[in-house]
Amino acid sequence: MQKIDSLIFIIVAILMLMGALFSYSLPIYLEYIKHLSEYHFVERYLFFGSFGFVIMIIFARLNPDIWFNKIGWIILITSAILVMIMPFLPENIAPIINGAKRWIKVGPFKFAPVEFFKIGVIFFLSWSFTRKVKEVPTLKEEIKIIIPYFIILGGFWYLILAYQSDLGQVMVMGVLFAFLLFIAGGRFQTFTMIIAGGVFVFIAAVLSSEYRYARLKAWLHLMTNNFFPSIKVVSKMSYGQVQESLNAIYHGGIIGQGIGNGIFKLGFLSDVHTDFVLAGIAEESGIIGISVIVILMLALVYRIYKIANRSEKKEYQLFAFGVGTLIMIQFIFNGLGVTSLIPIKGLTVPFLSYGGSSLLALCTAIGMVLMISKKSKIN
């Protein structure tokens, strides 16, 4: 077997160190108003980050021919069961926060099963598409093949949308499905049909919810005022968080205000350490800091794609491609959201946003990619 891809280790370690730094710097106001220790968030980040890094190292050392499928099925089955039972769990176990059940309480911590379910879905699609999607003679036959996937995954997506009110996660998994099908050998017509169907579902989900519709109008109002002032969109709802995000980015300028010197984290951006972490980083480290992050993310995804391209098994290839695409999608969606170019969807920035579930799930996925890298000629 080849050596483990050490460059991925280094990039992930740098991103996690940056995540820990800003988990200390950015949520200072939240810690103050909630009477928490100034080290509350950074201590938890370091705890989950260290745990995740250990998992990543352990998985990287395993033989993929023995352990890859075992680990993948455990992640998929466990997370799928948790997603299914969450709507029926009592509130002392699965509390309703902002009208949605997204977390399961484990002692003093909250655990989000959907973060691991995304990794499970990538594994399942890579395992299944390798066997099902080959040289299908006609478009009609290909559509027949993928209909069962939509029935099964659609049920889970409905639960996530209806009970967790998490349209962003459903969108990410839908895009992953389309891309993995295409890479597995699916037709471009099928790919475009799935993307078009996803747009239709998004529109239907927005129009079926008065709250989502109001937020969409608020986003259109803000976006058109910023980029197309000649177009007038009237909205009664404020999209103030994103406006403050833009202000923070502008205030950061090229070199930033310095680590710890941001002002928009002081009550203006309530989710500055999670959904709006890029805005907080931009204010304190400027365009230079964001550019470094972009380079690191691109290098990480490129290296993962390189592993995918040179993997000896198609199953490994699809999984690595899925993980790289997941990281890229979440980074792009969050970046576009905090700059008002698309509606903000509440997706974490890989390795930078505070959140134990996201961090552990991503470290697990990277560990599996590194496991695969030993079977890839990447040097």
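General observations
- Count of the stretch 349-379 residues which are β-branched (Val, Ile, Thr) and either open to solvent by 20 Å² or more (accessible area, probe 1.4 Å) or assigned to a helix (DSSP H, G or I) (or both): 4
- Helices (runs of 4 or more DSSP H) wholly inside the stretch 150-231 that include at least 3 residues being closer than 21 Å to Phe124 by Cβ and either touching a His at 6+ places or on another chain (Cβ under 9 Å) or not charged (D, E, K, R) (or both): 167-184, 188-207
- When Val12, Val54 are screened for being assigned to a helix (DSSP H, G or I) and within 20 Å of Thr274 (Cα to Cα), only Val12 passes.
Here is a yes/no grid of residues against (1) at pLDDT below 95; (2) assigned to a helix (DSSP H, G or I); (3) within 18 Å of Leu125 (Cβ to Cβ):
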{"position": "Asp271", "(1), (2), (3)": "yes, no, no"}
{"position": "Ile293", "(1), (2), (3)": "no, yes, no"}
{"position": "Leu296", "(1), (2), (3)": "no, yes, no"}
{"position": "Val301", "(1), (2), (3)": "no, yes, no"}
{"position": "Ala308", "(1), (2), (3)": "yes, yes, yes"}
{"position": "Gln317", "(1), (2), (3)": "yes, yes, yes"}
{"position": "Ala320", "(1), (2), (3)": "no, yes, yes"}
{"position": "Ile327", "(1), (2), (3)": "no, yes, yes"}
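- Test result for Thr192, hydroxyl-bearing (Ser, Thr, Tyr) and at pLDDT 80 or above: yes
- Considered as a group, the residues in the stretch 276-315 that are of a type in the set (Ser, Thr, Tyr) and farther than 26 Å from Pro27 by Cβ include one that is surrounded by the most Cβ atoms within 10 Å (Cβ to Cβ), and that residue is Ser311.
- Residue that is nearest to Leu347 (Cα to Cα), among those in the stretch 162-177 that are among the hydrophobic types (A, V, I, L, M, F, W, C) and surrounded by fewer than 20 Cβ atoms within 10 Å (Cβ to Cβ): Val175
- For the stretch 26-50, a residue qualifies if it is closer than 15 Å to Val272 by Cβ and within 22 Å of the chain's Cα centre (by Cα), and the qualifying residues are Leu26, Pro27, Phe41, Val42, Tyr45.
- Residue match in the stretch 238-259 (condition: buried (at least 17 other Cβ atoms within 10 Å of the Cβ) and modelled with pLDDT under 75): yes
- If you go through the stretch 91-120 and pick out every residue that is crowded, with 21+ Cβ neighbours inside 10 Å and not basic (Lys, Arg), you end up with 9.
- Among (1) within 15 Å of Leu76 (Cβ to Cβ); (2) touching a residue at least 12 places away in the same chain (Cβ under 8 Å); (3) open to solvent by less than 40 Å² (accessible area, probe 1.4 Å) - the single one Phe124 does not satisfy: (3)
- Residue among Phe88, Phe9 that alone is out of contact with any Phe, Trp or Tyr (no Cβ under 6 Å at 6 or more places or on another chain), open to solvent by less than 60 Å² (accessible area, probe 1.4 Å) and at pLDDT below 95: Phe9
- Residues in the stretch 71-113 that are farther than 14 Å from Leu159 by Cα and among the charged types (D, E, K, R): Glu91, Lys105, Lys110.
- Checklist (1) in a loop (DSSP other than H, G, I, E, B); (2) among the hydrophobic types (A, V, I, L, M, F, W, C); (3) modelled with pLDDT of 90 or more; (4) surrounded by fewer than 14 Cβ atoms within 10 Å (Cβ to Cβ) applied to Leu62, failing item: (4)
The values are calculated or read from the model by the stated rules, or taken from the named source; none is laboratory data. Computed from a predicted model, the values in this text were never measured in an experiment. With ideal geometry, Cβ positions are generated from the backbone for all residues, glycine too; neighbour counts draw on all protein chains shown. Each accessible area value is taken on the protein alone, full model and side chains, heavy atoms only, with ligands, DNA and RNA left out. Shrake-Rupley method; radii C 1.70, N 1.55, O 1.52, S 1.80 Å.
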